[in-house]
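Laboratory data are not the source of any read-out in this text; all were calculated from the coordinates shown. Since the structure is predicted, the reported quantities are computational estimates derived from the model, not experimental observations. Cβ sites come from the backbone with ideal geometry, for glycine too, and all protein chains shown count toward neighbours.
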Amino acid sequence: MRRAWGCTRRSWLAACASVPGLAGAQGAQGAQLTLTLLEGPAALVIGAQAFDAQEGLRLAAGALIETGANTGLLRLEGADGSLIDLGPGSRALLQPPRRGTASPGLYLLSGWVKLQSGPKQPHGGLLSPLLELEPTSGSVVLQVSASQVALFCEGGSVKLIERAGAKARQLVAAGASYQRQGSKGGELLPRPDPAWLRTVPRAFRDPIPPRLARFSGAAPTPAAQPAPRYENLAAWLQAEPGLRREFPRRFAPLVRDPAFRAEVAKNLGAHPEWEPVLFPERFQKPASAPASGVRP
């Protein structure tokens, strides 16, 4: 995975008290997750800043995660014992904002994830372009792209709600599978397709014991990378409106870069909420005409 993001160590130390996405930051909300296992490269975007992922980091709501095409596994563990395993080529947002209801644990834009509940608590649930998983107890493997999704319930059960053109609710029992392509409703299968099973990341196939106890000390300082370019964030900036709502405020500092600003302007039709950031003069109220001061 090309190293393309970040900032200086000094700017990191100055910003960590106010940047959303890193646990311990002022205002960070939601459950904290510790990155306990990393097999291969992965990048983080915390606030508008970018860093290399590394074991021991504690992440909070808003953190963007991208794993490399050859990354074996990135694991996040919660204090309740729940596990989030991301496979290769995955893009995820922790605890995405959601109006009117509790935020799910994860938004998976693309790639692979394995969710496992804790001993006494369900996992945090998940949103993706085509479906929502409600918090449940058990273990589920999911592959997601913009136009298709495949799911295998490894243990327990899965409650899912279809999105983006379909509205069915499905209960997937242990050992069963669910597949969907495009806007049509999905299909429940008594067992997963053997050909699809062969594509499941190897790290998902065998149980890996929790590792959270190894990271009880101070979290490391993340390795900084150059600031994100537009192409690094384009998939998120052009995602569904509910996700994009906070991005103009969050990533406004990046428009100081002429190249980033030019790309945002070029693609404004894909994310019109950026118009007030790029062209604030268009949204200024016209000045009222001054009084003439002439008395009749």
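Would you mind working out the magnitude of the charge dipole of the chain relative to its Cα centre, with +1 at each Lys and Arg C-beta and -1 at each Asp and Glu C-beta, to the nearest 20 Debye?
Dipole of the chain, to the nearest 20 debye: 500 debye.
With r defined as the distance between the Cβ atoms of Ala235 and Ala174 and R0 fixed at 35 Å, what FRET efficiency is calculated, to the nearest 0.05?
0.60
Most mobile of Phe247, Phe204, Phe283 per a Gaussian network model of the chain (Cα springs, under 10 Å)?
Among Phe247, Phe204, Phe283, the largest GNM mean-square fluctuation belongs to Phe283.
Using +1 at the Cβ of each Lys and Arg and -1 at the Cβ of each Asp and Glu in segment 179-289, identify which of Ala252, Leu212, Gln225 lies farthest towards the dipole's positive end.
Farthest towards the positive end: Leu212.
If you count, for each residue, the other Cβ atoms within 10 Å and average over each peptide, how do 84-92, 35-43 line up from highest to lowest?
84-92, 35-43
Can you classify the chain as rounded, prolate or oblate using the Cα gyration tensor, where a ≥ b ≥ c are the square roots of its eigenvalues, rounded means a/c under 1.5, and otherwise it's prolate if a/b beats b/c and oblate if not?
Prolate, because a/c is 1.5 or more and a/b exceeds b/c.
Using 7 Å Cα-to-Cβ label points, what is the Val277/Ile161 separation (nm, one decimal)?
2.8 nm
Rounded, prolate or oblate: which fits segment 71-202, taking a ≥ b ≥ c as square roots of the Cα gyration tensor eigenvalues, rounded meaning a/c under 1.5, else prolate when a/b beats b/c?
It is rounded, given that a/c, with a ≥ b ≥ c, falls under 1.5.
Any chance you could run the full-extension gain for Ala287 through Lys266? It's 0.36 nm times the residue separation minus the Cα-Cα distance, nm to one decimal.
Here the answer is 4.6 nm.
Determine ³J(HN,Hα), in whole Hz, for all residues of segment 234-244 in sequence, where each value follows from phi through the Karplus function 6.51 cos²θ - 1.76 cosθ + 1.60 and θ = phi - 60°; x replaces Gly and Pro.
4, 4, 7, 4, 9, 7, 5, x, x, 6, 6
Show me, for segment 170-187, the HN-Hα J-couplings you get by feeding each phi into the Karplus relation (A = 6.51, B = -1.76, C = 1.60, θ = phi - 60°), rounded to Hz, glycine and proline as x.
Rounded to whole hertz, the list is 10, 10, 9, 7, 4, x, 8, 9, 9, 9, 8, 10, x, 7, 6, x, x, 10.
Which residue fluctuates most in the GNM of the chain (Cα springs below 10 Å): Arg202, Arg99, Arg250?
Arg99
Could you give the length gained on full extension between Lys120 and Asp206, defined as 0.36 nm per residue of separation minus the Cα-Cα distance, in nm?
Extra length available between Lys120 and Asp206 comes to 28.8 nm.
Taking amide H atoms as placed 1.01 Å from N in the peptide plane, list the residues 5 or more away in sequence, or in a different chain, whose amide H sits under 5 Å from that of Ala176.
Here Cys153 satisfy the definition.
Answer rounded, prolate or oblate for segment 141-266, using the Cα gyration tensor with square roots of eigenvalues a ≥ b ≥ c: rounded when a/c is under 1.5, else prolate when a/b is larger than b/c, else oblate.
oblate
What nm value, rounded to one decimal, do you get for the distance between Ala69 and Glu55 when each label is placed 7 Å out toward the C-beta?
Placing both labels 7 Å along Cα→Cβ, they lie 2.7 nm apart.
Based on the alpha-carbon set only, what is the convex hull volume of segment 232-283 divided per residue, in Å³?
Hull volume over Cα atoms, normalised by residue count, gives 79 Å³.
Just from the alpha-carbon atoms, what are the Rg and Dmax of segment 164-216 in angstroms?
15.9, 46
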